[in-house]
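The block underneath contains the structure these notes are about, expressed in structure tokens.
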């Protein structure tokens, strides 16, 4: 699986990246992007680490944790380790596609895929936008009627 970790210095002082690791439960700790270790980040500056990690076993989602340890440039005794987490999961995919035979008397298929939740949400958003536009037009009509009666 491919991942991206973005480390941003949100402090008001310069810091140096000293450790960057990735861990998933029941797996070894992995050191990431060794070329970035020792990089100094000025306030507001970011660096990006793109890495590939072994997929977790098929099953429930696991928490993948990337930790960055940063040390203040002018005060090396000040350090902080910041974790970033994400849920990752691996699902099993069947090796073949099963097709359900058409039901007798069923409408002919168009070859289109079934509607997903995302497409249904798009339709709901469109309907809500149309209702909102109608409400605005209604308010404009009421206002004009009041202005003409005054």
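Assorted remarks:
- Of all residues in region 57-74, those being touching a residue at least 40 places away in the same chain (Cβ under 8 Å) and assigned to a loop (DSSP other than H, G, I, E, B) number 2.
- The sole residue among 138, 121 that is on the phi < 0 side of the Ramachandran plot, assigned to a helix (DSSP H, G or I), at pLDDT below 70 and surrounded by 10 or more Cβ atoms within 10 Å (Cβ to Cβ) is 121.
- Matching option when the condition is farther than 14 Å from residue 3 by Cα and modelled with pLDDT under 85, among 59, 84, 44, 38: 59
- For region 34-67, the set of residues classified as exposed (fewer than 11 other Cβ atoms within 10 Å of the Cβ), closer than 25 Å to residue 12 by Cα and within 18 Å of the chain's Cα centre (by Cα) is empty.
- Pairs linking a residue in region 34-48 that is assigned to a loop (DSSP other than H, G, I, E, B) to a residue that is at pLDDT 90 or above and surrounded by fewer than 12 Cβ atoms within 10 Å (Cβ to Cβ), with Cβ atoms under 7 Å and 6 or more positions apart or on different chains, are 43/12.
- The residues in region 1-33 that are part of a strand (DSSP E or B) and either touching a residue at least 24 places away in the same chain (Cβ under 8 Å) or not assigned by TED's automatic domain parsing to the domain that holds residue 73 (or both) can be counted, and the count is 16.
- Residue among 31, 74, 26 that is modelled with pLDDT under 90 and out of contact with any strand residue (DSSP E or B) (no Cβ under 7 Å at 6 or more places or on another chain): 26
The values are calculated or read from the model by the stated rules, or taken from the named source; none is laboratory data. No experiment lies behind these values; they were computed from the predicted model shown. No Cβ is skipped: glycine too gets one built from the backbone with ideal geometry, and neighbour counts run over all protein chains shown.
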